[in-house]
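Working notes, structure below.
The values are calculated or read from the model by the stated rules, or taken from the named source; none is laboratory data. Keep in mind that what you see is a predicted model, and the values were worked out from it rather than measured. Please note: Cβ atoms are built from the backbone with ideal geometry, for glycine as well, and neighbour counts cover all protein chains shown.
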Amino acid sequence: MFKISEIKELIKLVDQTSVHELEIENEGCRIAIRKPGKSEVVTIQSAPAAHTYTPAPVQSPVAAVEQAVPVKQEAAPAAVDNTAGLHKIVSPMVGTFYSSPSPDADAFVSVGSKVSEKTVVCILEAMKLMNELEAEVKGQIVEVLVENGQLVEFGQPLFLVKAE
């Protein structure tokens, strides 16, 4: 179970960083914090009893608390896959995504850019190390799936490429 002081500290940390969403699970209790502009909720779930905390309206990264319910594994409805036939360039690590070599420089690639196997498409920062990510496929960028400065997970799709 999370202590109120721990939850407050997590909210402060999320508010002070470029992280837009944080989700942690510990000993059957899950907490999800999202900044405004996203879902604007904090959810705390635990088994067997669920606890809900509704804060007073204040200026914070949390705008509302939704009703907590026990976590259930349900089958997700089948979604139409509009990425069929497209190559996904995925993140090989957890880190921060940068679309350009410096804040004032142009992006490495954008929608419509032609890429080859050795074309650098972005930089991923992990533990203060800047790692260039290459396309590894020849084709054209169809979609950029993440924003500059966004935290990315291992295996998270970053770009969709129409391979040639």
Looking at the structure I just gave you, is Ser91 surrounded by 12 or more Cβ atoms within 10 Å (Cβ to Cβ), in contact (Cβ under 8 Å) with a residue 60 or more places away in the chain and under 16 Å from Glu147 (Cβ atoms)? yes
Scan the stretch 101-114 residue by residue and report those that are surrounded by 14 or more Cβ atoms within 10 Å (Cβ to Cβ) and more than 21 Å from Val137 (Cβ to Cβ). Pro101
Count of residues meeting criterion [among the small types (Gly, Ala, Ser) and under 10 Å from Val152 (Cβ atoms)] in the stretch 83-100: 2
Tell me, which residue of the stretch 10-39 that is surrounded by 12 or more Cβ atoms within 10 Å (Cβ to Cβ) and farther than 19 Å from Leu151 by Cα is modelled with the lowest pLDDT? Gly28
Of everything in the stretch 81-101, what is assigned to a loop (DSSP other than H, G, I, E, B) and either modelled with pLDDT of 95 or more or of a type outside the set (A, V, I, L, M, F, W, C) (or both)? Give them in sequence order. Asp81, Asn82, Thr83, Gly85, Ser91, Pro92, Ser99, Ser100, Pro101
Just for strands (runs of 3 or more DSSP E) wholly inside the stretch 102-164: which have at least 2 residues that are in contact (Cβ under 8 Å) with a residue 60 or more places away in the chain? 157-163
Please verify whether the stretch 54-71 includes one or more residues that are out of contact with any strand residue (DSSP E or B) (no Cβ under 8 Å at 6 or more places or on another chain) and at pLDDT 50 or above. no
